[in-house]
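First up is the structure itself, then whatever we jot down about it.
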Amino acid sequence: MKRLSVLGLFVTSLLFGTVQAQTADEVINKHIEAMGGKENLMKVNSMKSEAVMNVQGMDIPVTVYQVNNKASRQEFTAMNMTGYFIARQDSGWTFMPFMGQTAPEPMPADALNVAKDQLDMFDLLDYSAKGTKVELLGKEDVDGTEAYKLKVVSKSGNEKTMFIDTKNHYTIRQINKISVNGQMMDAVSDFSNYQKLPEGIVVPFTLQNAQSPSPMTFKKFEVNPVLPDSLFRPGN
């Protein structure tokens, strides 16, 4: 009888784990569909977006260039100076002249490790095949909105928590675990004002980072532009 009870508990735990995994996949599948569907997302190879961020009453233009799974560049222009963050699979650089930098500097190894994972523009798409592990942690209130809470761990070990609106299945908050000066901290980003582009994919037009004094408001998205490799090299 005791042996039967233990067996029953073992089977129940297996079934419960399967249900949890299926539930996580169900959330992800609905999220992918809400973002435009797998077919449309897989057609996106590159993207250029233009935004503006207000800092101390001054509008700072921001341009983001992305080549899926290969490279990204975030460019900021202020006081007639242009700075940038560049990340590639093999290297990364930062150049912030308005902060006293006179030349591009290599991105610290811990920052590059996180940035490399972010090169995947749609990391939940076919996530299992990429070696990513996802765990559904239930639901949580995010500033008055009920959201599914997903723990996402990439193949390289980077961890983030995603909060997906239970109604429209858009990501409304993301918390990345990052290392700063050898200490782990949470980088919180909130997404809103989702709109569908002519190509059928849905993107957030407002991004608020906890570390930023004001939200970044996107004005334009260009899908699949031709982006030269030189754009993702320092000094350009």
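Since every read-out is calculated from the coordinates, none of them should be taken as a lab result. Quick caveat, the model's predicted, so the values are computed rather than measured.
Numbers for the structure displayed
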item: Percentage, to the nearest whole number, of Cα pairs in the stretch 71-213 over 17 Å apart; result: 69 percent
item: Amide H contacts of ILE60 (H built 1.01 Å from N, under 5 Å, at least 5 apart or other chain); result: MET53, ASN54, VAL55
item: Computed helical MRE - 222 nm, the chain, DSSP H runs ≥ 4 contributing -39500 (n - 2.57), nearest 500; result: -6500 deg cm²/dmol
item: Cα Rg, Dmax (largest Cα-Cα span) when computed across the stretch 29-117, Å; result: 15.7, 47
item: The stretch 211-222 - phi-based ³J(HN,Hα) in whole Hz, Karplus 6.51/-1.76/1.60, Gly and Pro as x; result: 7, 9, x, 8, x, 9, 9, 7, 10, 7, 10, 10
item: Amide hydrogen neighbours beyond the local backbone of VAL142, cut-off 5 Å, H modeled; result: ALA147
item: Entries in LYS30/LYS155; LYS48/LYS160; LYS130/LYS160; LYS43/LYS149 that, when Cα-Cα distance is taken, lie over 21 Å; result: LYS30/LYS155; LYS48/LYS160; LYS43/LYS149
